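Participant: Here you go, one structure.
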Amino acid sequence: MSNNSTKIALVSDLHLDLPDVSDIFFNEKADVLVVAGDTCELNNYKWHSDFLNKCSDTFTCTIFISGNHEGYGASFPKVHAVLKEKLDFWGNLHYLEKDTFKFIRDDKSVLEFFG
């Protein structure tokens, strides 16, 4: 980060369960990636560890917020619990559901995300 600025990239409706999903956003020189829902159905998250690894490796911080597709075939309380536990494994992937996350920038100022 330079000049006390933080670049945030935003993606949504990735539908990783479908073929030919573009991952061009990985080329963004962003500090934070916000994944705003409809990434894939909860039952398919285990198959997308490569996507989660790439998020972790590419961005300082990635914020996930669920959409309606994450809940297909599962209750939303289960979705929230499973995604929070799964994403916590990486340390820099954060799942927000009625929660906040504080991103501390290099200059020690704080960006607060609500989801």
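Every residue, every condition in (1) on the phi < 0 side of the Ramachandran plot; (2) at pLDDT below 85, yes or no:
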| site | (1), (2) |
| --- | --- |
| ASP20 | no, yes |
| ASP23 | yes, yes |
| THR39 | yes, yes |
| TYR45 | yes, yes |
| LYS54 | yes, no |
| PHE59 | yes, no |
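Participant: Something else: As an exercise: evaluate VAL35 against (1) surrounded by 16 or more Cβ atoms within 10 Å (Cβ to Cβ); (2) at positive phi and give the number of the one condition it does not meet.
Facilitator: (2)
Participant: Within the range 49-57, is there a residue that is under 12 Å from the mean Cα position of the chain (by Cα), under 25 Å from SER109 (Cβ atoms) and not in a helix (DSSP H, G or I)?
Facilitator: Checked the range 49-57: no residue is under 12 Å from the mean Cα position of the chain (by Cα), under 25 Å from SER109 (Cβ atoms) and not in a helix (DSSP H, G or I).
Participant: For the range 6-32, give me each residue that is closer than 23 Å to LYS108 by Cα and crowded, with 16+ Cβ neighbours inside 10 Å.
Facilitator: Those that are closer than 23 Å to LYS108 by Cα and crowded, with 16+ Cβ neighbours inside 10 Å: THR6, ILE8, ALA9, ALA30, ASP31, VAL32.
Participant: Okay, moving on. For ASP88, only one of the following conditions fails: (1) within 21 Å of PHE114 (Cβ to Cβ); (2) surrounded by 18 or more Cβ atoms within 10 Å (Cβ to Cβ). What is its number?
Facilitator: Result: ASP88 fails condition (2) only.
Participant: Can you report the number of residues in the range 48-64 which are surrounded by fewer than 21 Cβ atoms within 10 Å (Cβ to Cβ) and within 18 Å of THR100 (Cβ to Cβ)?
Facilitator: Count: 1.
The values are calculated or read from the model by the stated rules, or taken from the named source; none is laboratory data. Predicted model, so just to flag it, every value in this text is computed and none were measured. Every residue, glycine as well, gets a Cβ built from its backbone with ideal geometry; the counts of neighbours run over all protein chains shown.
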